[in-house]
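Some notes on the structure that comes next.
No lab work stands behind these numbers, since they all come straight from the coordinates. It should be emphasised that the depicted structure is a prediction, and the values quoted were computed from it without experimental measurement. Positions of Cβ are generated from backbone atoms using ideal geometry, with glycine treated the same way; all protein chains shown enter the neighbour counts.
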Amino acid sequence: MRTYIGGHEAVSTDEFIELALGTPLELWLGVEGESAEERAARLDAARDILADNPDLPDDVSRIVAQVIEANAPELFNVVPLLRRPAAGARGRSRKGAAA
């Protein structure tokens, strides 16, 4: 199944997020090994984007909710674990006379 956003095909999860947000994911998360100067520039750019688009956090929340809803069966496919009996409970019989 192919996913298209705004006429562009998203071939990976990161590309899907980038196309849905309209900004690269690295802008918000940073990259490993970035310098203090690079981080400051990235945060300045992020602030500018948020100032220009104050609805972006709400848009992101909506996208996340839609993805969770669409994938809920897979995300919440939980299998209950069996409880093991307590360490001393094995082999003891509850029937019998008290000593």
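Taking amide H as placed 1.01 Å from N in the peptide plane, the amide H of A10 sits under 5 Å from that of T3, Y4, I5, each at least 5 places away or on another chain. Sorted from longest to shortest, the spans of the Cα atoms of segment 28-71 along the three principal axes equal 39, 25, 6 Å. Each other residue within a Cβ distance under 12 Å of A65 adds +1 if Lys or Arg and -1 if Asp or Glu, for a net charge of -2.
Once a ≥ b ≥ c are taken as the square roots of the eigenvalues of the Cα gyration tensor of segment 1-53, is the result rounded (a/c under 1.5), prolate (a/b larger than b/c) or oblate (a/b not larger than b/c)? Since a/c reaches 1.5 but b/c is at least a/b, the shape of segment 1-53 is classed as oblate.
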